[in-house]
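Please read the structure below before turning to the comments.
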Amino acid sequence: MAYLAFDMASVAQLRSEAGGGGCRPMADAVPAPAIVPASSLTPLEWSVVSLARRDSIGSLDRPGRWGSLLRAWLRSPNPMLADPRLEALRRMSVLTWHYGFTVPTREVADFLAAGFSSDQYEAMAVGIGNAQQSRPRA
């Protein structure tokens, strides 16, 4: 399969060669933005919430020298995320998976400072609560 990069000059030339037919350049076509309510999380953010279910409370602490060495020796992955916004979501998700709505005020402030809203926190916490209730008990 070949890829042809068209610029506006080549599109104009193609139009003139085709007799100015009904073709329109792709630059005129603008995709419609995805409409996501401000109070909900994106699919990527929900996947972060889901992955945080397996993280322990200890994953919230920054590893020291020995912890980093042990993690490298055991080849265990670092659970921290590179994106600060998603890392704030992961931290809040881990706390919510373990403690429900009783999370430290500082963590809530960091979550809100990362650009999330209180409605998004509530949607996340309700989703986690529903997942915990639907999980079969041993």
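The values are calculated or read from the model by the stated rules, or taken from the named source; none is laboratory data. Since the model is a prediction, treat every value here as computed from it, not as a measurement. For neighbour counting, all protein chains shown are included, and Cβ atoms are generated from backbone atoms with ideal geometry for every residue, glycine included.
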By residue number, the members of the stretch 36-84 that are modelled with pLDDT of 65 or more, hydrophobic (A, V, I, L, M, F, W, C), outside any helix (DSSP H, G or I) and closer than 20 Å to VAL126 by Cα are LEU41
So, first residue part of a helix (DSSP H, G or I) in the stretch 97-108, second residue hydroxyl-bearing (Ser, Thr, Tyr) and surrounded by 16 or more Cβ atoms within 10 Å (Cβ to Cβ), Cβ within less than 8 Å, six or more apart or across chains; the pairs are VAL108/TYR121
Could you tell me whether the stretch 116-124 includes any residue that is out of contact with any Gly (no Cβ under 9 Å at 6 or more places or on another chain), surrounded by 12 or more Cβ atoms within 10 Å (Cβ to Cβ) and closer than 14 Å to ILE57 by Cα? no
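Mind checking which residues of the stretch 88-102 are modelled with pLDDT under 90 and not aromatic (Phe, Trp, Tyr)? Reasoning before the result, please.
Initially, the stretch 88-102 is screened for residues modelled with pLDDT under 90, giving 100-102.
Residues satisfying the conditions are GLY100, THR102.
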